[in-house]
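The values are calculated or read from the model by the stated rules, or taken from the named source; none is laboratory data. Since we're looking at a predicted model, the values are computed, not measured. Here the Cβ positions follow ideal geometry from the backbone for every residue, glycine too, while neighbour counts run over all protein chains shown. Surface accessibility is based on the protein's heavy atoms, side chains included, excluding ligands, DNA and RNA. Shrake-Rupley method; radii C 1.70, N 1.55, O 1.52, S 1.80 Å.
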Amino acid sequence: MFTGTYTATVTPFKNGNLDEAALERLVRIQVNAGVDGIVPVGTTGESPTVNYEEHVHIIRLSVKFARGKIKVLAGTGGNSTSEAVYLTEHAEKAGADGSLQVAPYYNKPTQEGLFQHFREVARHTRLPIVLYSIPSRCGIEIGVDTVKRLAQECKTIIGIKEAGGSPDRVSQLRAALGLRFDILSGDDSLTLPFMALGAQGVVSVASNVIPREVARMVKAFASGKYRAALKLHQQWYPLFKDLFIETNPVPVKAALAMMGQIEEEYRLPLVPMSAKNRQTLRATMRTCRILK
């Protein structure tokens, strides 16, 4: 259901508020570039710094701007189960196509706690749910056995965004869950290695900047054009890496600002890039011919 290229869209701000005009431009660029969908208000969308009203509004606008041409997999997870339920219910009302559910962070629940958390969210929505395992952010991993148990008990839990950096996890997940369970890479630089082991696409940060190229790479690999996909990976690998030279989404928002697509504005505790890293990112973007 959720395969291909999904762009984890940034949340553009202007003078402290959501920049709706910039958001519309960004979503239209994604639609025209041929990605399969967008993921608003995830990690890249600065979900921890927006309030509930803003969070739901961003999802609602993303659905509106996508105009049914691409899917909207709304980031509606939280470290509180009640928060995740609230955001997911409102995403469903807003017309989202699915929910991306990050593992609760900071609380460090047990695997049983994770199971009960995601099961409770699933009980409150008809939306298909994609789990999101990112131990570097959350301090915990959604165990393979937990994913399997959730998929068996909750028919709407249909996939996972895997951002633990381990190809072994893809093999383990595919062996445990079969071919019908969607697996998406959570790291641009690992998209092809993960797809070689059974993943079916990526939730991409880089596709904010180069949506057409990331979509081409994923489609090439999926259609058996491995050399073409590898060539694209090698071409864009420096960008894949340097978009994480500092904490995401700071570099990608800086890159989009360099391209004139958004204002470079963050909410604390996120701050602009260091001068040294900004210079490195700009040089990479020039080498890749994104900037002149």
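Of the solvent-accessible surface of the range 135-292, computed with a 1.4 Å probe and all protein chains present, 51% belongs to carbon and sulfur. With contacts taken as Cα pairs under 8 Å at a separation of at least 6 residues, the range 173-258 carries a relative contact order of 24 percent.
Across the chain, the mean sequence separation of Cα contacts (distance under 8 Å, 6 or more residues apart), normalised by length, yields a relative contact order of 18 percent.
Its residues counted as N, the range 3-49 yields a C-alpha radius of gyration over 2.2 N^0.38 Å of 1.16.
Other residues with beta-carbon under 15 Å from the beta-carbon of Y266 carry, at +1 per Lys or Arg and -1 per Asp or Glu, a net charge of -3. Note: relative contact order over the range 1-159, using C-alpha pairs below 8 Å and six or more positions apart, is 18 percent. Dipole of the range 184-283 computed with +1 at Lys/Arg Cβ and -1 at Asp/Glu Cβ about the Cα centre; of Q234, Q279, S223, farthest Cα towards the positive end is S223.
Surface calculation, 1.4 Å probe, protein heavy atoms: T125 sits at approximately 10 Å² accessible. Solvent exposure of M273, expressed as accessible area, is near 10 Å², computed with a probe of 1.4 Å over the protein chains only. Within the same chain, lysines fewer than 8 places from K292 are excluded, and of the rest, those with a Cα less than 26 Å from its Cα are K14, K231, K241, K253, K276. A 1.4 Å probe run over the protein chains yields, for the chain, 44 Å² of accessible area per residue, whole-number rounding. Rg over Rh for the range 1-147 works out to 0.96, both radii taken from alpha-carbon positions and Rh defined as the Kirkwood radius.
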